[in-house]
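To keep things clear, I will list the structure first and then write my remarks on it.
The values are calculated or read from the model by the stated rules, or taken from the named source; none is laboratory data. The shown structure was predicted, so the numbers you read here are calculated from the model rather than taken from an experiment. Cβ: placed from backbone, ideal geometry, glycine included. Neighbour counts: every protein chain shown.
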Amino acid sequence: MISNKIKITMFHTSSSGSNNYYLYHAATDAMRNKYDLELLTAQEALYNRNLNHSDVYITTHGEHGTQSDKVNIELWHGFPLKGMAKMDRQETTTDEKINDYWSNVDIITSYSTLYNTAMNACNGARIQKYHITGVPRNDALLTANGRANLMNILPQWNDSGENIIFFMPTFRKSIINPDKTEGGKNFSNLFGLSEFNKQQLLKFLREQNIMLIIKLHPFEEKFFSKELQDLSDEKIYTLNDTTLESAGMDLYDVLNAADMLLTDYSSVYIDYLLLNRPVVFLPTDLEEYKTNRGLLLEPYEFWTPGPKIDTQKELQETISHYLKNSTWYENERNTILNLCHKYQDAHSSVRVWELIDTYIQDNLQLIYQRREQSAQYQNMQQQVKRKIQDIIEQGNLAQANEAIQQYLESNSADPDIFAMNGMLHLLNNDAQEAINTFQAGHKHFPWDEDLLYNLGYVYELLGDSTAAIEHYQEALRLSSRQEMTQLLEGKLNSIT
């Protein structure tokens, strides 16, 4: 049963600066009593059969498709420096799909008017959707006890007052799209330097009493696993999403432990400017990156308030200089800080929640109307699908197939449609195509026990008891209905 409370679903897809993570934990008791709030990891969202029952979706990476009958809020995950969507030179998504997504977004939280302009060059939304609030993760950046949190994450490290430097480059290669390479970074070493000597670096870190923390983009950890292992040392530690999640933390719980930041084109430095601490830039493939991906803000020299280095010698000399004089480039840092951040306090989450609350209350009647309309539409869909099922049971397979195609002209495929399509193939003596259809449905709806049951049933017919048992067991694990649970238990007992 759907609660009368407005349901808000927030997506926590990464522990590398998740605005949703911080916004959720900043919700007051009053907000939690007023609204039904949930924070879902990517895995939890994938297996959540009631995901479409929410009234409001809050995303940070466009990870949930926007719907015109829902409230859609986009917090995003950083200041836009690199070309994205329409401004990405390698983007393959059509303008139509980009427009479809952003046209249904109701609220886009923002850092500043500059953010509005840069972001909108990429997505083409209307200016009324932008609201300058600051972003929730920066509240933690300004208030967390980063060094203490870092000790909890790295129990082998005993804080003895070292200078802590974070190295956080943007990604060039993605596990999602491995054929897309952004820039021409020298992948023989993490820093992209033309020449690199590990022993020389370690000697320098010990002499200067520096601990180096390497935090790669989650997309790129896979590609540098060997390099990270080779660099491991008492003066060099690696942070990743798994480590942070295991400690129940996010990157921004520890980022302010850094006395200095090394980066290239990652927008993390825009946030780090709030701390007024040194930043060193390693744009070792700047021209290639500009050609392949593109930068929104140029000239690069102006927008990156810190020294630019290309060699290990320059890197070590620059770090040494900063340790003696942390005010180097301070004026340049303040210039970019004031251009990028309207708010420089730790109250962004408060402003975002006030914005969301006001928007919901102003549109409360519309939200409830949409609920009712959605319920009516779903009821109509069920009636149509029941008629199609009746046609199948009567043996009129061609008519059933035609009815399914007509249904799909105005409705997206759901578990029932995949199940009926699969059964049509099975009744037409095409077991392999039935399996393919059920598997396609399972990929889209991994929580649906009926599709898993159907897969088990086909494998049982084919005499593959191992595959049948595997799918029956998984269906039993996910079963939400007593009659299905009993059916599956009976199947498993009969096979085993």
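In the set Arg277, Arg333, only one residue is modelled with pLDDT of 95 or more and either farther than 24 Å from Asp139 by Cα or surrounded by fewer than 18 Cβ atoms within 10 Å (Cβ to Cβ) (or both); that residue is Arg277.
Can you tell which of Ala118, Ala148 is in the same structural domain as Asp250 (by TED's automatic domain parsing) and either of a type in the set (Gly, Ala, Ser) or part of a strand (DSSP E or B) (or both)? None of the other options fit; the residue is Ala148. Of the residues Leu255, Leu251, the single one that is at pLDDT 95 or above, touching a Ser or Thr at 6+ places or on another chain (Cβ under 7 Å), closer than 18 Å to Leu154 by Cβ and surrounded by 19 or more Cβ atoms within 10 Å (Cβ to Cβ) is Leu251.
Ser266 falls short of the stated requirement of being surrounded by fewer than 18 Cβ atoms within 10 Å (Cβ to Cβ) and either of a type in the set (Ser, Thr, Tyr) or under 23 Å from Leu323 (Cβ atoms) (or both). Note on the range 284-325: among residues that are of a type in the set (D, E, K, R), in contact with an Asp or Glu (Cβ under 9 Å, 6 or more places away or on another chain) and without any contact (Cβ under 8 Å) to a residue 60 or more places away in the chain, the one that is nearest to Leu273 (Cα to Cα) is Lys308. The set of residues in the range 352-366 being crowded, with 17+ Cβ neighbours inside 10 Å and among the aliphatic types (A, V, I, L, M) consists of Val352, Ile356, Ile360.
Considering the range 297-363, the qualifying helices (runs of 4 or more DSSP H), each wholly inside and each with 2 or more residues that are in contact with a Ser or Thr (Cβ under 6 Å, 6 or more places away or on another chain), run over 348-362. Within the range 439-477, the residues that satisfy the criterion of being under 24 Å from Gln43 (Cβ atoms), buried (at least 19 other Cβ atoms within 10 Å of the Cβ) and among the aliphatic types (A, V, I, L, M) are Leu451, Leu452, Leu455, Ala475, Leu476.
Here is a yes/no grid of residues against (1) closer than 25 Å to Lys387 by Cβ; (2) part of a helix (DSSP H, G or I); (3) in the same structural domain as Arg477 (by TED's automatic domain parsing); (4) within 32 Å of the chain's Cα centre (by Cα):
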position: Tyr407; (1), (2), (3), (4): yes, yes, no, no
position: Met423; (1), (2), (3), (4): yes, yes, yes, no
position: Phe438; (1), (2), (3), (4): yes, yes, yes, yes
position: Gly456; (1), (2), (3), (4): no, yes, yes, no
position: Tyr459; (1), (2), (3), (4): no, yes, yes, no
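Only residues that are touching a residue at least 60 places away in the same chain (Cβ under 8 Å), assigned to a loop (DSSP other than H, G, I, E, B), at negative phi and surrounded by 17 or more Cβ atoms within 10 Å (Cβ to Cβ) were counted across the range 2-51, and they come to 8.
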